[in-house]
């Protein structure tokens, strides 16, 4: 798993924990601390200016397309409607 994927996964877990438990809960604190550590690792490997884009079900990190593709059956489908550039 790449540093970018670790960071995004950690960020997702921290956001979910904040919604489920609130920001004062230990589970949120652990998840937020882990996400921050992953961000620091990513910045050390890639530099401090990071760029993520979320386009048509794909994650673009810097110039790298397809960093993460949602799994089949995900509630966030990779393509909606008529496909790339098509009507939704």
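Within segment 12-28, being surrounded by 13 or more Cβ atoms within 10 Å (Cβ to Cβ) and either more than 18 Å from the chain's Cα centre (by Cα) or not in a helix (DSSP H, G or I) (or both) holds for 21, 25, 27. Across segment 29-51, the number of residues qualifying as part of a helix (DSSP H, G or I), without any contact (Cβ under 8 Å) to a residue 24 or more places away in the chain and over 16 Å from the mean Cα position of the chain (by Cα) comes to 3.
The numbers here are math on the coordinates, done by the rules we state, and not lab data. Being a predicted model, the structure only gives us computed values, none of them experimental. With ideal geometry, Cβ positions are generated from the backbone for all residues, glycine too; neighbour counts draw on all protein chains shown.
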